[in-house]
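Quick notes on the structure that follows.
Each reported figure results from applying straightforward, stated rules to the coordinates on display, with no laboratory input. In this text, all values refer to a predicted model and were calculated from it rather than measured experimentally. Here the Cβ positions follow ideal geometry from the backbone for every residue, glycine too, while neighbour counts run over all protein chains shown.
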Amino acid sequence: MVFTSYYFVLIATNISNDFSEYTALSDRLRGEPLSYSFERELTEPFYLIIFWILSNTFSSTAVVIIAGGIPLIFKSLIIKRYSYYPFIGLIFYFATFLALHDANQIRLAGACIFILYALMSREDMSKTKVILLSVCAAAFHYTGILLLILLFQNRKYLALTFMTFASFLFVPIFEYIETINESFKIFNRYTAETASLGFTSPYFLLHLITAISSLLIWNSLNHIQQKGALFLAMGALAYILFQNLDILAVRIRELGYLGIIPLLFSTKLRLTIPWIFIISSTLLIFLLFIYEVWTELLSYMI
């Protein structure tokens with residue numbers, strides 16, 4: 001954890017794409033009423049409240065480190081408690097999601113506390129609890145609402161079919177509600193169409209292999225692993241459906257890949273052919289992340 005804390009600060013302060021944006025936000029929030037911040041920032045409430053409190057207590061750099069470090073600690077505790085392979089699970093999380101979320105997308109990092117808990121918890125959650133965790137996650141980052149897919153765990157293909165049809169309505173609906181109220185301008189980043197991303201990304205291809213392999217062995221998976229497999233499938237499908245909405249496609253794919261943690265680390269594994277595909281794909285993504293992050297970090301430091 002000492003090394004991880006140093007690694008987190010190193011990435012957050014040197015190669016994070018959003019570090020300057022978060023420090024600028026902290027400077028704007030300092031010394032102003034919270035109500036005015038809500039009117040101007042138009043962002044998720046829990047995240048803004050926490051950021052406002054921290055900004056009026058600490059320097060802007062310290063705010064970003066604290067706001068990213070707190071979710072990192074909570075998720076580390078969840079992985080440590082619920083994993084069959086806690087040490088390997090933590091190393092995998094630190095090498096992949098730390099740079100994506102905790103050191104970069106701090107809002108999503110906060111939402112993933114509730115998402116990871118819902119995915120890793122061994123208890124058979126009621127629909128009410130899943131909905132409450134989804135609301136809490138969405139209060140930090142609105143993609144947290146995708147946690148509701150766990151309500152369809154026993155009807156996985158129905159959920160994926162519904163998601164496919166819903167994707168055709170997504171852009172027109174949000175373009176319409178933006179005309180109703182200025183508050184909905186928060187969705188601008190997702191309704192601005194761009195050129196298609198394409199399907200040659202190694203991260204997507206490896207993710208897709210993992211998702212398909214996990215669906216093929218669905219009946220042999222336990223309750224926790226099935227939640228992870230469903231999340232993986234959701235992320236891969238979203239990347240395909242939202243090709244013209246590049247930010248949304250990448251964000252949901254990355255969020256869906258969080259399902260690899262309960263799938264791979266929550267219970268003892270059996271080395272069958274599908275599991276070999278899953279483990280090999282995961283190892284390649286692990287190595288790709290380390291290579292990209294450290295290449296960028298070393299080039300910055302040199």
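Brief remarks follow.
- Global geometry of the stretch 18-176, whether rounded, prolate or oblate, following the gyration tensor of its Cα atoms and the 1.5 cut on a/c: oblate
- Label corresponding to Cα extents along the principal axes in Å when calculated from the structure given, among (1) 56, 50, 32; (2) 52, 48, 40; (3) 58, 47, 39: (3)
- Candidates 244, 14, 219: whichever shows maximal mean-square fluctuation once the chain is modelled as a Gaussian network with Cα springs under 10 Å: 219
- Top of 216, 255, 90 by mean-square fluctuation, Gaussian network on the chain, Cα under 10 Å: 216
- Where trypsin sites (Lys or Arg not before Pro) fall in DSSP loop in the stretch 217-268, at most 14 other Cβ within 10 Å: 268
- Over all other residues within a Cβ to Cβ distance under 12 Å of residue 236, the charged ones net out to 0, with Lys and Arg as +1 and Asp and Glu as -1.
- Considering only GluC sites (Glu not before Pro) in DSSP loops that have at most 15 other Cβ atoms within 10 Å, the longest stretch of the chain without any of them is 1-122.
- Cleavage-rule hits, chymotrypsin sites (Phe, Trp or Tyr not before Pro), the stretch 193-254, DSSP coil, Cβ neighbours within 10 Å at most 16: 199
- Cut-off 14 Å between beta-carbons: net charge of the residues surrounding residue 7, Lys and Arg +1, Asp and Glu -1: -2
- Alpha carbon convex hull of the stretch 84-163, volume per residue in cubic angstrom: 107 Å³
- The 3J(HN,Hα) values that the Karplus relation (6.51, -1.76, 1.60; θ = phi - 60°) gives for the stretch 226-240 are, in residue order, 5, 4, x, 5, 5, 5, 4, 5, 4, x, 5, 5, 4, 4, 6 Hz. Gly and Pro appear as x.
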